[in-house]
Amino acid sequence: MDNPLSLKQRALILASFVAAMILAIVPLPEAIRLLRPDWTALVLVYWCMALPERIGVGSGWVLGLFLDVLYGSLLGEQALAKALLAYLTLRFTLRLRMFPRWQQSLAVGTLVALSDLMLIMIKSLVRGHPPLWSDTAPMIANVILWPFLFGVLREVRRRAKIS
């Protein structure tokens, strides 16, 4: 049976989600604002892959609800997207772990893109605006950023002995 996480380890995981939410709202210059990666999605994917028995669909749903409040968006739209992302990640975790980092980056980028496309569809249906090309720009940033974020979070996890 798995050892329960200590309070310090739980706080570290929570801190990574809080840091991702802060990075999601930090103002950026107009030139690079459209390339802002989906930090929260990437951190959620990492923890779902690293601790699939502890971080899952419920965690994604709660994270998404916090994002809905943070962004002032339709309550539940981010929650639904993050729950879907967590489900897909859990579904393919064993395969994702076996990929070399560059392939894993493409696969994670695809999973996050599916979640983002769901958000784009919801926004276009609710607001009546057609999707914009700029809505898909962060997907490229997610693929590029994944290997670096994976390495940082893996090192944090190893130092904190989270398993």
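No lab work stands behind these numbers, since they all come straight from the coordinates. Note that the coordinates shown come from a computational prediction; the quantities given were computed from them, not determined experimentally. Reconstructed Cβ throughout: ideal geometry from the backbone, glycine too, with neighbour counts over all protein chains shown.
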- Message: I'd like to compare 77-88, 44-55: which one has the highest average count of other Cβ atoms within 10 Å, and what's the full order after that?
- Response: 77-88, 44-55
- For the range 38-45, take each phi angle, set θ = phi - 60°, evaluate the Karplus expression 6.51 cos²θ - 1.76 cosθ + 1.60, and give the result in whole Hz per residue in order, putting x for glycine and proline. 8, 4, 5, 5, 5, 5, 4, 4
- Mind pulling the angle between the C-alpha long axis of helix 138-160 and the longest principal axis of the chain? Nearest 10 degrees, somewhere in 0 to 90. 20
- Task: Return one number: the angle in degrees, 0 to 90 and rounded to the nearest 10, between the long axis of the Cα atoms of helix 101-127 and the longest principal axis of the Cα atoms of the chain.
- Result: 40
- Message: From the alpha carbon gyration tensor of the range 30-123, can you work out the equivalent ellipsoid semi-axes (sqrt of 5 times each eigenvalue) and give them in Å, largest to smallest?
- Response: 22, 17, 11
- Query: Roughly how many debye, to the nearest 20, is the charge dipole of the range 1-151 about its Cα centre, given +1 on each Lys and Arg Cβ, -1 on each Asp and Glu Cβ, and no other charges?
  - Reply: 260
